[in-house]
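Below: one structure, written as structure tokens.
The values are calculated or read from the model by the stated rules, or taken from the named source; none is laboratory data. Bear in mind the structure is a predicted one, so any value in this text is a computation, not a measurement. Because the Cβ atoms are built from the backbone with ideal geometry, glycine has one as well, and the counts that use them run over all protein chains shown. With ligands, DNA and RNA removed, areas are computed over all heavy atoms of the protein, side chains included. Shrake-Rupley method; radii C 1.70, N 1.55, O 1.52, S 1.80 Å.
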Amino acid sequence: MFPSFTEAVLYLGFGFIICMAGAFWELKNKKVRLIIEIILATFVLIYLFTTTAFLDSFIYLFFLASGYSSYHSITEGKKKTVEIKKKLLDQKSEGADNTDSVPLFRDSKRILVEIGITCIVLSGAILFLVYGPEYSILKLFILIAFSTILPELVKRAFSYQTVKVYYSNSHVYIVSRYESREIPLEDIKEVRKESDVDLLKLHPMLTFLSSNTDFTTGFRKVVCLRLLGESLYLTVEDVDEWVDTIEEKCSIVAEWGVLANPSSIVEVLPFYHWKNIKRLFGKLYFAMTVKGIAAYTGLFLILYYAHSPEWVIVIVILLFWIFNLYISDRVLITAMDAKEVRDTEVIESAHQIFTKAGIPEVKVYETESQEYNGLAIGMGIGKSMVTLTTATRKLPLADVEAILAHEAIHVKKRDVLWGQLLRLPYMLLLLGVGLFLFYYVPNLDDYKIPLFFLMWVVIMFYPIYQAFFLQWMEVRADHQGAELLENGREQMANGLTSLGQKQDEAVSKIMQHRYSKEEQKENVSSLERSSWLFRFMEFLFLPHPPLYWRIRTLRDSDVGWKNGIIKRWMIDRVREILSK
């Protein structure tokens with residue numbers, strides 16, 4: 001029923017070629033792209049449905065779509081690159097060119113080390129592909145993971161090779177083949193110099209909750225441009241001179257009112273320095289067990305060559321998963337480079353809130369990120385903590401308290417642990433369906449249509465099921481968390497409003513900096529009741545209920561956790577989905 005590894009690679013390639021051909025013709029004529037893609041896809045689909053069984057066709061179709069999206073993920077920033085280049089050429093032709101280029105330091109060691117770390121992280125999966133059982137479904141899962149990871153590595157390689165930086169009296173332009181930025185100087189909140197590239201916080205597989213974008217091209221002094229929602233890292237030839245120039249062109253004032261200090265520099269140790277060894281291994285472990293499946297596939301391969309019985313393999317991998325849940329707090333703290341908060345006001349407020357919640361031993365950590373977010377970490381109260389991003393920690397104290405109170409309920413109710421355990425019933429459902437088909441349906445081709453709909457229902461059920469229990473946890477955290485605050489539900493509502501406004505503002509800025517005007521869409525505020533489709537998606541599939549609904553229910557005087565909020569949430573899920 002499942003395709004061989006070679007067949008899966010073949011259809012990934014077909015999807016990649018279809019998207020690549022369309023992108024090539026789009027450069028000549030935008031209307032032709034769609035026609036070319038439709039023609040090529042039609043030929044592939046005709047071949048697919050005439051040479052494979054009906055059910056098998058949909059599995060091949062999935063790999064075809066994955067290959068298509070892989071190429072698209074590489075080239076999605078191409079239009080912004082073309083737009084910036086055209087703008088620079090137009091300025092030059094009109095005689096209004098006041099743009100200067102910034103010399104960059106480029107060393108091949110930088111990209112080779114990045115590729116090497118990626119290979120180390122994926123080593124278990126690569127070994128499984130080479131030496132694992134010939135007909136193993138795990139190979140297909142690995143292939144799907146690679147179709148997501150490898151395009152990002154290719155995109156990074158193009159960025160290293162082609163990135164250029166320009167600046168004018170009003171903008172900084174970062175231009176590479178597939179990823180570019182157009183940044184008004186007034187959008188730069190802070191400029192920071194670092195003594196070297198901190199690879200352990202820039203490599204995408206070694207980080208969590210990161211807002212960093214890596215344009216570095218060598219191992220030497222680095223410039224960090226902090227924007228709303230994002231931090232950009234560059235390796236310019238003369239860091240001090242360029243930072244001084246930027247300072248002369250505009251007054252760079254951070255959002256929280258602190259002037260950037262051109263003379264200061266953050267000391268960064270090389271990733272291989274002995275003081276970084278613990279951090280390096282911790283991040284590699286995170287990458288192999290949380291962001292990827294290399295550790296699990298490597299363990300499976302060892303047990304396979306040890307000729308272990310199947311039940312032993314299942315139990316050992318399950319125990320390894322449980323062990324990773326147990327140490328998840330330490331692993332994530334390492335991945336985020338989180339440190340305990342030093343702000344005395346935040347520490348005092350957190351202690352008051354956590355004590356009132358009955359979890360006084362829980363501590364607050366901070367991770368460097370320009371995203372506006374906070375999260376609870378850890379499987380149990382004794383091993384849990386609350387983490388805020390730097391951007392979130394700098395919100396008004398009353399809003400920070402609301403976020404802390406919300407996360408405190410997640411810790412108290414062990415929501416992180418339950419979020420993992422509640423996935424098990426779905427896994428058992430999949431196992432039950434598989435065993436039923438194996439033992440009671442000997443000839444699957446006799447039931448093509450019913451089996452297709454069964455597969456569709458089982459696949460679609462998971463995000464709906466997961467969203468149901470995760471949203472229930474979020475609603476509970478809002479309303480029970482409000483009971484921990486001095487100003488109750490009004491303070492929680494104000495905190496969520498402030499967070500939503502900042503998140504919307506950050507998304508808007510990122511869209512302006514990263515995407516062409518053609519690609520930019522009208523911003524939809526998370527604080528307003530959105531269109532039917534957005535409400536349908538949020539209530540039915542996403543882990544959080546719509547923010548406008550959460551704020552509205554907090555401000556309704558007749559609704560609280562003890563006054564039927566769960567009943568209202570379940571009714572509103574249906575009402576908001578069905579109404580216009």
(request) State whether the residues of segment 194-202 include one that is open to solvent by less than 40 Å² (accessible area, probe 1.4 Å) and assigned to a strand (DSSP E or B). (result) yes
(message) Considering only segment 379-396, I want to know if a residue exists there that is open to solvent by 20 Å² or more (accessible area, probe 1.4 Å), farther than 22 Å from Gly488 by Cα and under 18 Å from the mean Cα position of the chain (by Cα).
(response) no
(message) Please go through segment 205-236 and give me each residue that is open to solvent by 20 Å² or more (accessible area, probe 1.4 Å), under 21 Å from Glu179 (Cα atoms), touching a strand residue (DSSP E or B) at 6+ places or on another chain (Cβ under 7 Å) and part of a loop (DSSP other than H, G, I, E, B), ordered by number.
(response) Leu209
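Which members of segment 351-410 meet the condition of being charged (D, E, K, R), in a strand (DSSP E or B) and touching a Leu at 6+ places or on another chain (Cβ under 9 Å)? Spell out how you get there, then give the answer.
Narrowing segment 351-410 to residues charged (D, E, K, R): 356, 361, 363, 366, 368, 371, 383, 393-394, 399, 401, 407.
Now narrow it down to the ones that are in a strand (DSSP E or B): 363, 366.
Across segment 351-410, the qualifying residue is only Glu366.
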(request) Please determine, by comparing only the residues of segment 337-350 that are touching a strand residue (DSSP E or B) at 6+ places or on another chain (Cβ under 7 Å) and part of a loop (DSSP other than H, G, I, E, B), which one is most open to solvent (accessible area, probe 1.4 Å). (result) Asp337
(message) I need the full set of residues from segment 97-113 which are open to solvent by 60 Å² or more (accessible area, probe 1.4 Å) and either more than 21 Å from Thr217 (Cα to Cα) or touching a Pro at 6+ places or on another chain (Cβ under 8 Å) (or both), in order please.
(response) Asp97, Asn98
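Conditions tested, residue by residue: (1) surrounded by fewer than 19 Cβ atoms within 10 Å (Cβ to Cβ); (2) aromatic (Phe, Trp, Tyr).
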{"position": "Lys412", "(1), (2)": "no, no"}
{"position": "Leu417", "(1), (2)": "yes, no"}
{"position": "Leu435", "(1), (2)": "yes, no"}
{"position": "Tyr440", "(1), (2)": "yes, yes"}
{"position": "Phe453", "(1), (2)": "yes, yes"}
{"position": "Ala467", "(1), (2)": "no, no"}
{"position": "Leu499", "(1), (2)": "no, no"}
(message) touching a Pro at 6+ places or on another chain (Cβ under 7 Å) and within 27 Å of Lys502 (Cβ to Cβ): is that true of Glu247 in this structure?
(response) yes
(request) Report yes if some residue within segment 269-280 is open to solvent by less than 40 Å² (accessible area, probe 1.4 Å), among the hydrophobic types (A, V, I, L, M, F, W, C), in contact (Cβ under 8 Å) with a residue 60 or more places away in the chain and part of a helix (DSSP H, G or I); otherwise report no. (result) yes
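Is it the case that Ile510 is outside any loop (DSSP other than H, G, I, E, B), exposed (fewer than 14 other Cβ atoms within 10 Å of the Cβ), touching a residue at least 24 places away in the same chain (Cβ under 8 Å) and not aromatic (Phe, Trp, Tyr)? Show your work before the answer.
On the way: outside any loop (DSSP other than H, G, I, E, B): yes; exposed (fewer than 14 other Cβ atoms within 10 Å of the Cβ): no; touching a residue at least 24 places away in the same chain (Cβ under 8 Å): yes; not aromatic (Phe, Trp, Tyr): yes.
So Ile510 fails the test.
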(message) I'd like to check something: does segment 473-484 contain any residue that is surrounded by 14 or more Cβ atoms within 10 Å (Cβ to Cβ) and part of a loop (DSSP other than H, G, I, E, B)?
(response) yes
(request) Inspect segment 157-166 for any residue being part of a strand (DSSP E or B), open to solvent by less than 10 Å² (accessible area, probe 1.4 Å), closer than 22 Å to Tyr515 by Cβ and not β-branched (Val, Ile, Thr) and give the result as yes or no. (result) no
